[in-house]
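Chemist: Below: one structure in structure tokens.
Each reported figure results from applying straightforward, stated rules to the coordinates on display, with no laboratory input. In this text, all values refer to a predicted model and were calculated from it rather than measured experimentally. In this analysis, Cβ positions are derived from the backbone assuming ideal geometry, glycine residues included, and neighbour counts consider all displayed protein chains.
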Amino acid sequence: MLKPGWMNRYLPAIAQTVVPDVAVAVGYLWAGLMFASAVVNAYVALTEREPARLPPEFGILGTRPARWAAEDVVRARSHGLTRNALAASHTAVVVAEPSLFALQGAAAALEAIDLVRTDNLRLRPAGIIVNKLRAQSVEHRFRCEELRQTYGELVLDPPLPDRAAVQQAEGACVPVQAWRSPGAREVSDALEDHLETLLSRKYGDGPLGVSTSRNGKGQV
């Protein structure tokens with residue numbers, strides 16, 4: 001069992017004197033992360049024996065979860081949730097709502113993808129999906145057109161319509177595909193169209209991919 005101050009052995013004497021409390025806190029945090037990785041590996045080992053425990057998306061994508069190693073713990077601590085996911089991905093979809101900040105948000109997300117590509121050369125943007133679109137809204141139509149003029153073919157069709165069924169399904173803790181209403185079916189059909197499109201694409205392993213430049217002329 002780890003004791004308070006166990007990490008002091010790895011610190012210079014001046015650090016032990018100036019920030020002893022910080023060293024204790026970091027020690028507990030590190031021990032907690034190591035425990036978390038052990039729990040993840042135990043569950044991954046269980047799914048290897050009982051594949052039915054895996055979420056359905058693993059079967060759809062033909063992948064299996066990997067076991068965590070020490071470097072994964074360090075990566076999780078340093079990247080944060082979004083960058084950690086991008087560092088382990090081949091492609092990333094940007095989701096934008098048709099609002100005043102649609103362009104700004106899409107640009108920030110694409111810049112984050114470009115930043116992570118300095119370490120993960122396989123990563124490239126798969127496209128931009130417009131979410132919660134109200135087709136009767138002049139403002140929404142204007143913002144969608146603004147995205148298309150800026151990013152061209154990176155904006156994927158169809159946009160996801162704004163339907164109360166999404167919030168209703170969320171409140172019932174079920175996927176929207178399981179919610180029985182016309183609005184839910186409309187959203188589900190749009191999501192399935194996007195999934196089919198993304199899975200049908202061929203993504204290489206090299207550093208060249210879809211350009212995130214604002215001219216919208218990137219190629220795979």
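Chemist: Give me the distance in nm between label points sitting 7 Å out from Cα along the Cα-to-Cβ direction at LEU115 and ALA135, one decimal.
Modeler: In this crude label model, LEU115 to ALA135 measures out at 3.7 nm.
Chemist: Using a Förster distance of 45 angstrom, determine the FRET efficiency expected from the C-beta separation of VAL44 and GLU186, and round it to 0.05. Each step should come with its number before you reach the end.
Modeler: Numbers: r = 37 Å, r/R0 = 0.81.
Calculated transfer efficiency: 0.80.
Chemist: If contacts are Cα pairs under 8 angstrom and at least 6 residues apart, what is the relative contact order of segment 91-206 in percent?
Modeler: Values: 148 pairs, mean separation 27.9, N = 116.
Once divided by the residue count of segment 91-206, the mean separation gives 24 percent.
Chemist: Which residues' amide hydrogens lie under 5 Å from the amide hydrogen of THR91, considering only partners 5 or more residues apart or on another chain, with H built in the peptide plane?
Modeler: ARG124
Chemist: On to the next question. FRET efficiency for ARG53 and GLU196, Cβ-Cβ distance as r, R0 = 30 Å, nearest 0.05?
Modeler: Numbers: r = 26 Å, r/R0 = 0.87.
The pair ARG53/GLU196 has a calculated efficiency of 0.70.
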